[in-house]
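A quick write-up on the structure given underneath.
The values are calculated or read from the model by the stated rules, or taken from the named source; none is laboratory data. Given the structure is predicted, the values throughout are model-derived calculations rather than measurements. Note: ideal-geometry Cβ built from the backbone for every residue, glycine included; neighbour counts use all protein chains shown.
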Number of protein chains: 2
Amino acid sequence: MASAKARQTHGSETREVILAAAERLFAEQGVAAVSNRQVSEAAGQANNFAVGYHFGTKGDLVLAIVRRHAPSIEQRREEMLAEIKGSSELCDWIGCLVRPITEHLASLGSPSWYARFIAQATTDPALRQLVIAESSTSASMLETLEGLGRLMPVLPAEVHEERSDMSRQLIVHMCAERERALQAGTPTPRASWEAAAVGLVDALVGLWRAPFTPTK
Amino acid sequence: MASAKARQTHGSETREVILAAAERLFAEQGVAAVSNRQVSEAAGQANNFAVGYHFGTKGDLVLAIVRRHAPSIEQRREEMLAEIKGSSELCDWIGCLVRPITEHLASLGSPSWYARFIAQATTDPALRQLVIAESSTSASMLETLEGLGRLMPVLPAEVHEERSDMSRQLIVHMCAERERALQAGTPTPRASWEAAAVGLVDALVGLWRAPFTPTK
């Protein structure tokens, strides 16, 4: 039994090392540009098939990275939802979209790779649906979207869908750009993740409340 | 003289073929992931140094791609500026940010690569400043920013800078996502580039007009 336990611990450490190496490589170079073999090498695995053995396909590996961060993000969102229960302020609900991510990024310190990893994974034609579905169907996310739905202005379906896309793009790419600047030591418009969250929430409230021009 | 002329034509054709190959490769794989050698090969150049010979460094090549599209975008923006002269409608001026790009993309047909190329080039730590500076300092762009400046709400410097970043990110990444979906044949929220421009202008007007929360 002790030896089975030891093997298991060793296996889960190997998984952690592979996940960290894959996240960084995907963030830097894009998901399509990096092979399982490169991930194995960067993770110091003598066996080039280590990634396949531990994770299966590249899609499985990408989902495993998403799931590595999900519990911390989910827990923050659940706590925020408990705090704003019944709120009729749009900014409270949009905060539940933005802050679990910015607070999670703040907790990772710099350099972090998660924001750039998500930016890359959601621009990959083969994987974007997988990643977006994974992160938009958790219980806390569904509760947030339901709460938002009650307060959002009523919009034509295509405008609603478009503004959802815009919200995701703005959160993902502003966080990725901030993460990149923090690592490079280049200037950022805001001094902290907390201030960046304030800016994103303000902007998204304005974006959702904007009047729309009907198109034929 | 005839032979010098022929050589020159041949040289400018080679340059065009290289620019087109580089734009597509950079759009698909990112600027850092693609070597000059791969560009030369994709452009069918027997000589692996063709890119270096015709363009110099990778930064020079990226700028040459930007400049290949710039005249069409600039000309559209100048025409729009002439039409809205003296307008006090924020949406007119934001239109001069958005529409020259969406109309240029519409004119390219599908598949186009320009939106994804710009998305990739502006996330490259080494090149982003170069590309952003190149496209934000043309005469028509400066006139647009000046016009916007007169109508935009007065905001603290960091909020103004942040919303400028947001505007660029929203335009670039929404266009890149649309371009990708058109090529893949997957659904897009809006039926045309024209309708996508309407949506972007509406959203950006809301984003800029949004009240801001002071941070300490």
What residue, among those in segment B:180-216 that are assigned to a helix (DSSP H, G or I) and among the basic types (Lys, Arg), is farthest from B:Ser107 (Cα to Cα)? B:Arg209
Residue hits (segment A:150-170; among the hydrophobic types (A, V, I, L, M, F, W, C) and more than 9 Å from chain B (Cβ to nearest Cβ)) are A:Leu151, A:Met152, A:Val154, A:Leu155
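Within segment A:38-76, can you find the residues that are aromatic (Phe, Trp, Tyr) and either under 29 Å from A:Ile101 (Cα atoms) or touching a residue at least 60 places away in the same chain (Cβ under 8 Å) (or both)? Don't jump to the end; show me each part of the working.
In the first step, residues of segment A:38-76 are kept if they are aromatic (Phe, Trp, Tyr); the result is A:49, A:53, A:55.
A:Phe55, the sole residue that qualifies.
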So which residues in segment B:139-160 are among the small types (Gly, Ala, Ser) and surrounded by 16 or more Cβ atoms within 10 Å (Cβ to Cβ), if there are any at all? B:Ser140, B:Gly147
Index of the failed condition, A:Asp124 passing every other in (1) away from every other protein chain (no Cβ under 11 Å); (2) more than 24 Å from B:Phe212 (Cβ to Cβ): (1)
Within segment B:133-149, is there a residue that is within 11 Å of chain A (Cβ to nearest Cβ), polar (S, T, N, Q) and within 29 Å of B:Val62 (Cβ to Cβ)? no
Can you tell me which residues in segment A:159-192 are more than 28 Å from A:Gln129 (Cβ to Cβ) and in contact (Cβ under 8 Å) with a residue 24 or more places away in the chain? A:Leu182, A:Gln183, A:Ser192
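Within segment A:171-179, is there a residue that is out of contact with any Cys (no Cβ under 6 Å at 6 or more places or on another chain), in a helix (DSSP H, G or I), more than 12 Å from chain B (Cβ to nearest Cβ) and not acidic (Asp, Glu)? Full working, then the answer.
So in segment A:171-179, the residues out of contact with any Cys (no Cβ under 6 Å at 6 or more places or on another chain) come out as A:171-179.
Then keep just the ones that are in a helix (DSSP H, G or I); that gives A:171-179.
With the extra rule that they be more than 12 Å from chain B (Cβ to nearest Cβ), the set shrinks to none.
Checked against the condition, which is being out of contact with any Cys (no Cβ under 6 Å at 6 or more places or on another chain), in a helix (DSSP H, G or I), more than 12 Å from chain B (Cβ to nearest Cβ) and not acidic (Asp, Glu), segment A:171-179 yields no hits at all.
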Go through segment A:94-151 and report how many residues are in a helix (DSSP H, G or I), within 23 Å of A:Glu83 (Cβ to Cβ) and of a type in the set (Val, Ile, Thr). 5
Number of positions in segment A:37-62 that are away from chain B (no Cβ under 14 Å), assigned to a helix (DSSP H, G or I) and more than 22 Å from A:Glu134 (Cα to Cα): 7
Can you name the residue in segment A:16-36 that is in contact (Cβ under 8 Å) with a residue 12 or more places away in the chain and more than 21 Å from A:Pro125 (Cα to Cα) and, of all such residues, is surrounded by the most Cβ atoms within 10 Å (Cβ to Cβ)? A:Ile18
Which residues, counting only those in segment A:191-216, are more than 7 Å from every other protein chain (Cβ to nearest Cβ) and among the polar types (S, T, N, Q)? A:Ser192
With respect to the numbered conditions (1) out of contact with any Phe, Trp or Tyr (no Cβ under 8 Å at 6 or more places or on another chain); (2) without any contact (Cβ under 8 Å) to a residue 60 or more places away in the chain; (3) facing another protein chain (nearest Cβ under 8 Å), which one is the sole condition not fulfilled by B:Gly109? (3)
Per the filter on segment B:65-93, residues surrounded by fewer than 13 Cβ atoms within 10 Å (Cβ to Cβ), outside any helix (DSSP H, G or I) and modelled with pLDDT of 95 or more are B:Ser88, B:Glu89
Residue under question is A:Leu207, and the condition is that it be closer than 30 Å to B:Phe26 by Cα and either surrounded by fewer than 21 Cβ atoms within 10 Å (Cβ to Cβ) or more than 14 Å from the chain's Cα centre (by Cα) (or both); does it hold? no
Against the conditions (1) within 7 Å of another protein chain (Cβ to nearest Cβ); (2) at pLDDT 95 or above, where does B:Leu182 fall short? Just the number, please. (1)
